[in-house]
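Reviewing the structure listed below.
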Amino acid sequence: MKQPTDSKTFCILPWIHVNGSVGGGYRPCCNSESYFDFKDDNNSIKQAFESNSMDEIRQFMQQEKEHPACEVCYSRERNNGLSFRHTYTVDKFKEFVDPNADEKIKYLDLRFDNTCNLACRMCDPSSSNQLYSSIEWYRQEDKPLPEHWKGFTNYKQKDQTQISANRKDYVIELLPDIEVLKVTGGEPFISKDFLEVLDHAIENDYAKNIRLLITTNGTKFVKAVLQRLKHFKGVDMNVSVDGTSHVYDYVRYPFTWNKWNDRFLEFLNFADENEMYKNKYFRIRTSTVVTMYNWLNCPELYTHLKSYTEQFPWLIDKNYIPRIDFNLNLRPKDSEMSAKWLPNNILDKGLELWQHTDCRQYKEFEKYVVNAKKLSSDDKNLYREKIKYTTTTLDKQRKQTFAVLDSEIVKWLK
């Protein structure tokens, strides 16, 4: 089926890609809220890509119709917003757009499992198996789950060994044709099956044709991992970090800021020594989830991250800075950890701290504060009680204390 590149509803992804979730489900892309009615226990990635479900989406696009599975993009466009569909087609994967090309898998976006070494406060069990012990603690103490975990009331830890092993075999089958491999987690670099995929690609000389897109917490930038990276056509590393000093230690339990900083520097030194920055497909960026815990610490984090350019000037030369991203869209949408529930004086203080930086997202923060101030005082008081409960109970379970946070946040929580 040829790509209908002139169609008003065309997206490149159905012709080159299918997404695999950590639970074994398939969907057209990671942004879609619609999963197909089959999983990877009986269907390989190749079979999912060639399925009637994917063909139906392609046919809709050929007919200039909007498929329901792609509603997240079409709805954004109807509201005059920029959609993922647009970004993928005209920018990120424009090299694959070809009206004479049939469908063929070239890009994979998947998670092998939810195995992780961190239990970040704003995360959930689907992305970190380390959080299951916290959920079990609430059950044993007969306490309600924190607001942002309410959807996991009946959650049970699953053995994902077979799912991950299946996925490894499915990916290895496709390596000869894959040009872009995106992997998130969990933490990819502690996934045995993911590391075996990398080794197979290297040993069979496929790596030279594959660009890696990896989202990582940055704690596993050790020699054995880094040595693998230099074999690939390109490396795009998205490194998560949510604060400095005590804020990092508090949020990204049980790792520490000092250890993270050391590991990140190991990666930068490795890239420098091997001149990876000369590769046009090489990219480093950091991502921070903004919460009420780090609202007043984020400007300091930005300043620290930018300071790496003093030792590694190529970060500026290649325009990776300001590829320091702050995500204000915390999920779930009404998470009690959202910074929008903070009182106006703390919101203003955060904005004032941002004014002393050159962060490209300042206007975004400004708009965020304006909208946060429109929230009712009743809602803010309600969510203040919810975050107090989440904070104090998790502190008890983890033997931590919120007293390490900014004094303004501490005073508000008390």
- Consider F402 against the criteria (1) more than 26 Å from the chain's Cα centre (by Cα); (2) within 27 Å of Y302 (Cα to Cα); (3) of a type outside the set (S, T, Y); (4) crowded, with 16+ Cβ neighbours inside 10 Å: it satisfies all of them except one. Which criterion is unmet? (1)
- Query: So, in the stretch 142-158, of the ones that are touching a residue at least 40 places away in the same chain (Cβ under 8 Å) and outside any loop (DSSP other than H, G, I, E, B), which residue ends up surrounded by the most Cβ atoms within 10 Å (Cβ to Cβ)?
  - Reply: H148
- Only one of E77, E103, E64 that is charged (D, E, K, R) and part of a helix (DSSP H, G or I): E77
- Query: What are the residues in the stretch 159-207 that are under 22 Å from F221 (Cβ atoms), of a type in the set (D, E, K, R) and either part of a loop (DSSP other than H, G, I, E, B) or touching an Asp or Glu at 6+ places or on another chain (Cβ under 7 Å) (or both), if any?
  - Reply: K182, E187
- Just give me the residues in the stretch 342-354 being within 27 Å of the chain's Cα centre (by Cα) and either polar (S, T, N, Q) or within 15 Å of L301 (Cα to Cα) (or both), in sequence order. G350, L351, L353, W354
- Does the stretch 62-82 include one or more residues that are among the hydrophobic types (A, V, I, L, M, F, W, C) and in contact with a Phe, Trp or Tyr (Cβ under 6 Å, 6 or more places away or on another chain)? yes
- Task: For D124, indicate whether it is under 21 Å from G24 (Cα atoms) and among the charged types (D, E, K, R).
- Result: yes
- Message: Tell me whether the stretch 118-141 contains one or more residues that are closer than 28 Å to I105 by Cβ, in contact with a strand residue (DSSP E or B) (Cβ under 6 Å, 6 or more places away or on another chain) and surrounded by fewer than 20 Cβ atoms within 10 Å (Cβ to Cβ).
- Response: no
- Note on the structure: Here the residues within the stretch 108-133 that are touching a helix residue (DSSP H, G or I) at 6+ places or on another chain (Cβ under 6 Å) and at pLDDT below 95 are F112, D113, N114, T115, P125
- Residues of the stretch 24-53 classified as part of a loop (DSSP other than H, G, I, E, B) and over 11 Å from R167 (Cβ atoms), total: 15
- Task: Considering each of D325, D317 in turn, give the residue that is surrounded by fewer than 18 Cβ atoms within 10 Å (Cβ to Cβ), assigned by TED's automatic domain parsing to the domain that holds E273 and at pLDDT 90 or above.
- Result: D325
- Message: Looking at (1) among the β-branched types (V, I, T); (2) outside the structural domain of D193 (by TED's automatic domain parsing); (3) modelled with pLDDT under 95; (4) out of contact with any Phe, Trp or Tyr (no Cβ under 8 Å at 6 or more places or on another chain), which one does T153 not meet, given that it meets all the others?
- Response: (2)
- Note on the stretch 151-163: residues under 21 Å from Y138 (Cα atoms), of a type outside the set (G, A, S) and under 21 Å from the mean Cα position of the chain (by Cα) are F152
- Is the stretch 297-310 home to any residue that is within 21 Å of A271 (Cα to Cα), at pLDDT below 90 and in a loop (DSSP other than H, G, I, E, B)? no
- Query: Which one of the conditions (1) of a type in the set (D, E); (2) surrounded by fewer than 19 Cβ atoms within 10 Å (Cβ to Cβ); (3) part of a helix (DSSP H, G or I) does D236 fail to meet, given that it meets all the rest?
  - Reply: (3)
- Message: Given the criteria at pLDDT 95 or above, of a type outside the set (S, T, Y), surrounded by fewer than 20 Cβ atoms within 10 Å (Cβ to Cβ) and out of contact with any Cys (no Cβ under 7 Å at 6 or more places or on another chain), does N294 qualify?
- Response: no
- Message: Restricting to the stretch 1-23, name every residue that is part of a loop (DSSP other than H, G, I, E, B) and closer than 15 Å to T184 by Cβ.
- Response: S21, V22, G23
- Message: Just the residues that are surrounded by 13 or more Cβ atoms within 10 Å (Cβ to Cβ) and within 27 Å of the chain's Cα centre (by Cα), please, taken from the stretch 367-391.
- Response: Y368, V369, A372, Y383, R384, K386, I387, K388, Y389, T390, T391
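Check whether at least one residue in the stretch 78-89 is small (G, A, S), over 22 Å from the mean Cα position of the chain (by Cα) and surrounded by 12 or more Cβ atoms within 10 Å (Cβ to Cβ), and report yes or no.
Of the residues in the stretch 78-89, the ones small (G, A, S) are 81, 83.
Keeping just the survivors that are over 22 Å from the mean Cα position of the chain (by Cα) gives none.
For the stretch 78-89, residues small (G, A, S), over 22 Å from the mean Cα position of the chain (by Cα) and surrounded by 12 or more Cβ atoms within 10 Å (Cβ to Cβ): absent.
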- What are the residues in the stretch 194-213 that are closer than 30 Å to D249 by Cα and surrounded by fewer than 20 Cβ atoms within 10 Å (Cβ to Cβ), if any? L195
- Task: Could you pull out the residue among K388, K396, K374, K363 that is part of a helix (DSSP H, G or I), farther than 24 Å from W149 by Cβ and assigned by TED's automatic domain parsing to the domain that holds M292?
- Result: K363
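In this structure, is N279 out of contact with any Asp or Glu (no Cβ under 6 Å at 6 or more places or on another chain) and more than 30 Å from H148 (Cβ to Cβ)? Give the steps one after another, and end with the answer.
Numbers: out of contact with any Asp or Glu (no Cβ under 6 Å at 6 or more places or on another chain): yes; more than 30 Å from H148 (Cβ to Cβ): yes.
Yes, satisfied.
The values are calculated or read from the model by the stated rules, or taken from the named source; none is laboratory data. Computed from a prediction, not measured in an experiment: that's the story for all the values here. When we count neighbours, we look across all protein chains shown, and the Cβ atoms used for this are built from the backbone with ideal geometry, even at glycine.
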